[in-house]
Amino acid sequence: MKKQILTILTVGVLAGSCSLDRTPYDSLTNESIKNTPGALGVLNLGNYHTLKSWVENWHRVTEYPGDNVALSGTTTDNLFYSYTYQRLVTNSRVNNYWSNSYKIIAGTNALLAQLKEGEGAESDQIIAENLYLRSLMYFYLVNVFGKPYSQNPTQNLAVPLQLSADPFEVLPRNTVKEVYDQIETDLLKAEGLFNQYKGNVYGSVYAAQALLARLYIYTGRDQKALEYANKVINSGEFSLLSTANYTQIATGAPESNPENIFAIRFVKDVDYPDNGWYTIGSLYASIDGSGWGEMYASRSYLEEVRKYPEDVRAKFIVPKVLNNSTELNAYYVTDDYKYASVVVTKEGDDYRYTENGASKLLTRKSNGAGAYQYFITINGKERTALMDYKLENRNGFLKYFITKCSGQEGQAHLWSPPISRLAEMYLIRAEANAKLGNALAALEDVNVIRKRAGIPDAGLWTVEKLGDKTALDVVMAERKLELAWEGHRKFDVFRNGFTMDRRYPGTHLSVTNPFYTVSPTDKAIIEFIPEQQIVLSKNVLTQNE
């Protein structure tokens, strides 16, 4: 009998998950699958393991084009082209993301081809988990390579729907609507097949419902988004971390976080034995001598998160003070989007600075909701000021380290990225209500998130406080703060027809023809199909504009 040599892929033990201390195979023939006891379960674990290779470039292609990050230098790493919207058909990061996505899809298809619904609880559970994983891959693929659903989804192309176990099948690109329809079909089927909850590092009925809630809000079916967000919120399975424990979003093991619905599990001292160089968090911060620390929190994010000193989300921003300096500076942004500063002295709640030999008082303004911001007037022009002890800089860009993607279980850059968590469900419900005209209900859910962040009652939203804002404006601003660096921001802006505002310091403005703002209809908001994939398809795949 002809047998294929098995490719063995070792996976680490997940804490508290005894079934994951096995060694899964990532490639088996159909015959081997049938004849190898436990092979289906082991292959199932292999698909989860492959997510670890997928997640790094997933983060780079989804998060770097947003407005929460500021790179401090140019680089030959192809991540620079996603960050600057200067697309390349040969972008190795984008190609790696595509390849790993389809590798996981191929793994799910191989399992789904071997199983039939209704043959047993175990096989139904495996079917459901793999329908969820396949849907997750297609959800991000359709958003990275296809235009927002609000822009002619029946005509705009996305990615090929590979649904068979044939790895050599070459398919053309499906439309955006076709991909979303398949995701919905798979998730609804999965929802009905799940029969056990194995924890938040596995696919589950709640993970499927959370992704459906997101799918429905992305496709404009607000009532369905409301329905599915409610399913997760009302399940009783999840709860928001307390204000005091908020930073456990980064530092705790994912299973210990009661608001995680699905997270990609990385294991301490196993996945990153070198403390995490070449990880997601390593570009955001240098911790204990590990990490590049070259991409910082954007000025727009800093100004928002610092409006309330009590906001615990600001704890994920660590200003890198120069040599333990005690010299206080007011940092502001010039007309050409560079950082500048003046030395200030503190007098009670006031700050003073000197301009042209004259002592002046920074303007302290209240927004009427318990928050204050300071403004400095330089050469007759008023600018927002942030007070910090003298900071280190790289190429003139201030080192505001981001630590939300680092520090799990005390390891420098270990992080188990959350794909869905309960806070998102509250914000999806808020967005759905805002779009359905239920402003009061929308603001109530936004306030759930703000209160948990530690914002005082004076900073909570009411309809009367909206002024010239809409409830949707408020929801989107809260999503920017709460879901930062979790792969949402770019999609949130463009799917709602908003313009991405990147008028702040960073090397995205140093390229030829930089994007100071990015329109939701600009062709650059989606990545090119990797040239390598077009060649491999023998030009069956067509290129984005």
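State in Å² the accessible area per residue of the chain; use a 1.4 Å probe, count heavy atoms of protein chains only, and round to the nearest integer. Before the final figure, lay out each step's value.
On the way: 21680 Å² over 545 residues.
I get 40 Å² per residue for this part.
What is the calculated FRET efficiency for Leu440 to Phe498, with r their C-beta to C-beta distance and R₀ = 22 Å, to the nearest 0.05?
About 0.45, to the nearest 0.05.
Note the full-extension length gain between Glu303 and Asp269 as 0.36 nm times their separation in residues minus their Cα-Cα distance, in nm to one decimal.
On the way: separation 34, 0.36 × 34 = 12.24 nm, distance 3.59 nm.
Between Glu303 and Asp269, full extension yields 8.6 nm more.
What is the distance in Å between the Cα centroid of the stretch 210-257 and that of the stretch 108-171?
The distance from the Cα centre of the stretch 210-257 to that of the stretch 108-171 comes to 22 Å.
Counting only protein heavy atoms, what percent of the accessible surface of the chain is carbon or sulfur at a 1.4 Å probe?
Values: 10610 of 21680 Å².
C and S atoms contribute 49 percent here.
To test your reading of the geometry: what angle, between 0 and 90 degrees and rounded to tens, separates the Cα axis of helix 439-452 from the longest principal axis of the chain?
Helix 439-452 and the main axis of the chain meet at about 80 degrees.
Which distance in nm do the two modelled labels at Val89 and Glu531 give, with both placed 7 Å along the Cα-to-Cβ direction?
Reported label-point gap for Val89 and Glu531 is 0.6 nm.
From the gyration tensor of the Cα coordinates in the stretch 417-522, what semi-axes in whole Å does the equivalent ellipsoid have, largest first, with each one equal to sqrt(5λ)?
Three semi-axes, in Å: 27, 16, 14.
Which loop-located GluC sites (Glu not before Pro) does the stretch 315-384 contain, where loop means any DSSP state but H, G, I, E or B and the Cβ has at most 16 other Cβ atoms within 10 Å?
Values: sites: Glu327, Glu347, Glu355, Glu382; in loops: Glu327.
Of the GluC sites (Glu not before Pro), the ones in loops of the stretch 315-384 whose Cβ has at most 16 other Cβ atoms within 10 Å are Glu327.
Report the FRET efficiency, 1/(1 + (r/R0)^6), for Ile378 and Asp473, where r is their Cβ-Cβ distance and R0 is 45 Å, rounded to 0.05. Could the numbers behind the result be given before it?
Details: r = 29 Å, r/R0 = 0.66.
Between Ile378 and Asp473 the formula returns 0.95.
Using only the Cα atoms, work out Rg/Rh for the stretch 55-149, with Rh taken as the Kirkwood radius, to two decimals.
Numbers: Rg = 17.0 Å, Rh = 15.2 Å.
A ratio of 1.12.
Given a Förster distance of 45 angstrom, what is the FRET efficiency for Ser256 paired with Asn356, based on the Cβ-Cβ distance and rounded to 0.05? Intermediate values should be presented prior to the final figure.
Details: r = 55 Å, r/R0 = 1.23.
Working from the Cβ atoms, E equals 0.20.
Just to confirm the number: angle between the C-alpha axis of helix 205-218 and the first principal axis of the chain, 0 to 90 degrees, nearest 10?
The helix 205-218 is inclined about 60 degrees to the chain.
Evaluate the distance, in nm, between pseudo-label points positioned 7 Å from the Cα of Glu409 and of Thr345 along their respective Cα→Cβ axes.
Between Glu409 and Thr345, the label points sit 5.2 nm apart.
What does the C-alpha gyration tensor say about the overall shape of the stretch 340-432? Classify as rounded when a/c is under 1.5, otherwise prolate if a/b is larger than b/c, or oblate. Before the final figure, lay out each step's value.
Values: a/c = 2.99, a/b = 1.68, b/c = 1.79.
It comes out oblate by the Cα gyration axes.
Let me know the charge dipole size of the stretch 425-537 about its Cα centre in debye, to the nearest 20, where only the beta-carbon of Lys, Arg (+1) and Asp, Glu (-1) is charged. Mind dumping the intermediate values first?
Values: 15 positive and 15 negative charges, 16 e Å.
Dipole size: approximately 80 debye.
Would you work out the charge dipole size for the chain about its Cα centre, treating the Cβ of every Lys and Arg as +1 and the Cβ of every Asp and Glu as -1, and quote it to the nearest 20 debye?
For this selection, approximately 660 debye.
Can you work out the PRE-style zone for Asp77? Point 7 Å along Cα to Cβ, and I want the residues of the stretch 259-285 with backbone N under 13 Å.
276-285
Pairs of alpha-carbon atoms within less than 8 angstrom and 6+ residues apart define the contacts here; what relative contact order does the chain have, in percent? Don't jump to the answer; show the numbers that get you there.
Details: 1006 pairs, mean separation 101.7, N = 545.
Once normalised by length, the contact order is 19 percent.
Using label points projected 7 Å from each Cα along Cα→Cβ, tell me how many nm separate Val540 and Thr36, to one decimal.
2.7
Report, in deg cm²/dmol and to the nearest 500, the calculated mean residue ellipticity at 222 nm for the chain, where each DSSP H run with n ≥ 4 adds -39500 (n - 2.57) and the sum is divided by the residue count. Don't jump to the answer; show the numbers that get you there.
Working: 16 runs with 196 residues, N = 545.
That comes out to -11000 deg cm²/dmol.
Where the centroid of each part is defined by its Cα atoms, how far is the stretch 470-544 from the stretch 320-338 in Å?
Their Cα centres are 29 Å away from one another.
Long-range amide H contacts for Val69: which residues qualify at under 5 Å (H placed 1.01 Å from N, peptide plane, sequence gap of 5 or more or a different chain)?
Those qualifying (amide H under 5 Å, at least 5 residues apart or on another chain) are Ser298.
Tilt of helix 176-193 relative to the longest C-alpha principal axis of the chain, in degrees (0 to 90, nearest 10)?
It works out to around 70 degrees.
The values are calculated or read from the model by the stated rules, or taken from the named source; none is laboratory data. Treat the numbers as computed from the prediction; the structure is a model and nothing was measured. FYI the Cβ positions are ideal-geometry reconstructions off the backbone, even for glycines, and counts take in every protein chain you see. Please note that ligands, DNA and RNA were not included when accessible areas were found on the heavy atoms of the full protein model with its side chains. Shrake-Rupley method; radii C 1.70, N 1.55, O 1.52, S 1.80 Å.
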